[in-house]
Ligand code: NAP
């Protein structure tokens, strides 16, 4: 009989992408899905449902306990509220989660199997049952340049990110598009007139951006359309954001490095910026290598690391065509380009990576973990 797999958060941003991928890869053929909701218990489950066609209450521990495997994309508050109560009942099923809430727990593995299959297999063999998707930015970066880490070549890394609105969820994408629409409407008649003065357009746009209402900026707190926000997630009070902290902490945990694994962590620091892209997290990397390695060797390592790296030659034509959110959105590609030795010295390498953070950065590692559990 197929395993009963609970699906929580399936209609959110990550959840919708996960459902699409599970349909595409025929994962539903292998499971009996049980759909949950925090807002519509008793409603009709989506079309992938088989025998269980009613939405279950996602806060009902009794309903959750029925599942052998639970996949949740509902968010950290939900995990914090429900997970401890569920485990307290003695439930020892597999918990697969997109939220960060449990990521740094000792018994949780951050899953990114093309990068850390040995860490996952080791935990599986030891009876592990908490499988947490990594931070989207970190996962996309490691899918791109993980080869350099696996080869032990990275002395340290600094990254500057350009993260899409969808990183915040469905409501954030809507807000960005609504803002673009509002700004366009503000100057549409001037745009239609080729003789209108550009400074007048510019003045009207900035005035509109500065006067957007609380409702129009409810999700990001400030305008994002036509602007950027140089802070993502909580303020840690030491000059860094939580998103920036995750870059170092999670990269090392995924790779099985750092004091928790009896080794030194690789220093990684970030500056994380929200930009007005819809999907895809991009980042500019500065990597200090432990030794001088020819660029052609680095390129070969990156190209050959996994099936999803799409290497983009470091030319203007290739970069503007192939190394953008527009080119990468909705694909499984992890585009890596702008690879070059930096003026700082032969051990310093620059690169630019882009991945659809809703795929490799969120949904894909979750469904691949489900497959690993079904095959185990
Ligand atoms: P989200 O789009 O806000 O969805 C979360 C929940 O919000 C849904 O399951 C749904 O719950 C509810 N919801 C309320 N209004 C909605 C609407 N208009 N459309 C769809 N759902 C709505 O959040 P998310 O971006 O998927 O993130 C879920 C978790 O994944 C978070 O912990 C996040 O940190 C993590 N994550 C996100 C990303 C990303 O790029 N977005 C990447 C990696 C990890 P009900 O159906 O129960 O009402």
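Just so it is clear, none of the values below were taken in a lab; they were calculated from the coordinates. This one's a predicted model, so the numbers in the text were calculated from it and none came from an experiment. Don't worry about glycine lacking a Cβ; one is built from the backbone with ideal geometry, like all the others, and counts go over all protein chains shown.
Descriptive notes on the structure:
- Residue 177 meets the stated requirement of being more than 10 Å from the ligand (Cβ to nearest atom), under 25 Å from residue 201 (Cβ atoms) and surrounded by fewer than 23 Cβ atoms within 10 Å (Cβ to Cβ).
- Residue satisfying all of: in the stretch 6-23; over 15 Å from residue 360 (Cα atoms) and surrounded by fewer than 23 Cβ atoms within 10 Å (Cβ to Cβ); nearest to the ligand (Cβ to nearest atom) among these: 12
- Given (1) in contact with a strand residue (DSSP E or B) (Cβ under 8 Å, 6 or more places away or on another chain); (2) not in a loop (DSSP other than H, G, I, E, B), index of the condition residue 29 fails: (1)
- Qualifying residue in the stretch 199-210 (condition: assigned to a loop (DSSP other than H, G, I, E, B) and surrounded by fewer than 17 Cβ atoms within 10 Å (Cβ to Cβ)): no
- Among the residues making up the stretch 49-84, those that are surrounded by 22 or more Cβ atoms within 10 Å (Cβ to Cβ) and part of a strand (DSSP E or B) are 56, 70, 71, 72.
- When restricted to residues that are buried (at least 24 other Cβ atoms within 10 Å of the Cβ) and either outside any strand (DSSP E or B) or free of Cβ contacts under 8 Å to residues at least 40 places away in the same chain (or both), the stretch 337-365 contains 10.
- Taking the stretch 114-134 as the range and being more than 16 Å from the ligand (Cβ to nearest atom) and assigned to a helix (DSSP H, G or I) as the test, the residues that pass are 114, 116, 117, 118, 119, 120, 121, 122, 123, 124, 125.
- Residues in the stretch 135-151 that are within 16 Å of the ligand (Cβ to nearest atom) and out of contact with any strand residue (DSSP E or B) (no Cβ under 8 Å at 6 or more places or on another chain): 3 in all.
- Consider the stretch 285-305 and keep the residues that are surrounded by fewer than 16 Cβ atoms within 10 Å (Cβ to Cβ) and assigned to a loop (DSSP other than H, G, I, E, B). The one that is nearest to the chain's Cα centre (by Cα) is 290.
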